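Comments concern the structure below.
Computed from the coordinates by the stated procedures, all read-outs in this text should not be read as laboratory data. Since the structure is predicted, the reported quantities are computational estimates derived from the model, not experimental observations. So basically every Cβ, Gly included, is an ideal-geometry build from the backbone, and we count neighbours across all protein chains shown.
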Amino acid sequence: MSPHRRTTGLQSHVPEPEAGLPLTHWARWTPPALTGLALAVDLPTPGALSGDVLLALSAMTAACLYALPLVVVMAVLNSAAGLLLLLASHLESDGGHAVVDFFALLVLAWASVPLCLLRLSLYRRLQGARRAAEYAQRAVLPPVRAWLGRTWIAVRYEAASHAAAVGGDLYAAEPTAYGVRLLIGDVRGKGPDAIPAVAALVGSFREAAHHTETLPLLARHLDEAVTRHIADLAAVRAGSGEGGGGAGGDSSGEQFITAAVAELPPGAGEVRLVSRGHCPAFLATGEGVRPWEPADPGLPLGLGDLDPGPWEYEARPFVPGDLLLMCTDGLLEARDADGAFFSPEEGLRACWRQGPPTVVETLAELVHRHAGGVLADDLALIAVTVSPTGPPPPPGTTTGDEGDGGR
């Protein structure tokens, strides 16, 4: 990822070709291979083996795989192959039945054209629905600017549900008068049902981060926002007759969001962290890579009434060039085929000096490799560092400072 990129966050779905999903080499050649096989089987064995079934299968397979022009080409090719077989052997060996079979083949071959049109129409409607859902989800988790003053941030997000770009994990970053403030969290539950809780917490953070003086007070404010959201959602569902359910779509009645809030105060040379039941962060410095296990991880947001406090933050030295990684348990609880958990320290140790974008991309690649390419839980990563000089200028310019209240 280029250091000139000015936003980071949710990645767009890669547009799929009009004909459908990308085809492997063998699948692309399946329809013509079936046509060739039909000729190879039928012509040497007149009256014994018929290739009409393979020709019909070739046309139907093309309707499932190809764009419309290629489907028409295959319909013409299969019709011509059927006519060749009819004249070469079928008429002599089967007479009138061969003519009936040939016209049935023509019907099936050319039925592939409306079937292809129907598939493409349904595909376009599906893509339209996916785009609308993605736009709505991007409103919930908007992109984060890569540079907030001299603070360089990169975010990586992947939802476990293939039906959504956003699941139960969340992130946010805001440049404030108190420094750059970061939020990462994990709603109990995953998938689209968790999105209302994500929206409630992120919206509350983006507003309160600018008006709440201390990090513990900000965490308290977020806890109250989550508690209100859970109560309001429960009241709505009770009034509509729906059973159970709250943030994240869980039906147990115990709703919460694990979260961590960090702050990089300007000129302080430290990073502050309040953890509310969240998994550890990681600090990469000249002394090495160390997990940051809070002494008091606290209770998740939404359960603050059970923890009257006082809530305090922890602080660690953080100088320009150091890197903070905040993650969700989609990273730390990913398992390999033997059931072993993923450990990010080694990968982080190898790449943290290359900057936040490299860190989040490398760790995402490593955890996918560790889990065999399938993540069982949503994944969110935030990597942040402070540059001594600030952002590089955009290509073609000589200056490019975006200082706007960040570090």
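Evaluate the charge dipole of segment 223-363 about its Cα centre and quote only its size in Debye, nearest 20, assuming +1 on the Cβ of each Lys and Arg and -1 on the Cβ of each Asp and Glu. Don't skip to the end; give the middle numbers.
On the way: 9 positive and 23 negative charges, 65 e Å.
Using Cβ point charges on Lys, Arg, Asp and Glu, segment 223-363 gives about 320 debye.
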- prompt: For L306 and E270, what does the FRET efficiency come to when R0 = 45 Å and r is the distance between their Cβ atoms, rounded to the nearest 0.05?
  reply: 0.95
- line: Distance in nm between L117 and W26 label points, each 7 Å along Cα→Cβ, equals 3.4 nm
query: Relative to the Cα centre, what is the charge dipole magnitude of segment 286-389, using +1 at the beta carbon of each Lys and Arg, -1 at the beta carbon of each Asp and Glu, and rounding to the nearest 20 debye?
result: 480 debye
- prompt: Simple spin-label model, 7 Å along Cα-to-Cβ: A235 to T389 in nm?
  reply: 5.6 nm
- prompt: So between A295 and R125, what do we pick up on full extension, going 0.36 nm a residue minus the alpha carbon distance?
  reply: 56.1 nm
message: Using the basic label-point model (7 angstrom from Cα toward the beta carbon), what is the R335 to L68 distance in nanometres?
response: 4.9 nm
query: Quick one: Karplus J couplings for segment 150-156, per residue in order, coefficients 6.51, -1.76, 1.60, θ = phi - 60°, nearest Hz, x for Gly and Pro?
result: 9, 8, 10, 10, 9, 10, 10
Added length on full extension, which subtracts the Cα-Cα distance from 0.36 nm per residue, V41 to Q354: 106.7 nm
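Could you work out how much longer the chain between A132 and L49 gets when fully extended? Use 0.36 nm per residue separation minus the Cα distance between them, nm to one decimal.
Values: separation 83, 0.36 × 83 = 29.88 nm, distance 5.16 nm.
Contour length minus Cα-Cα distance gives 24.7 nm.
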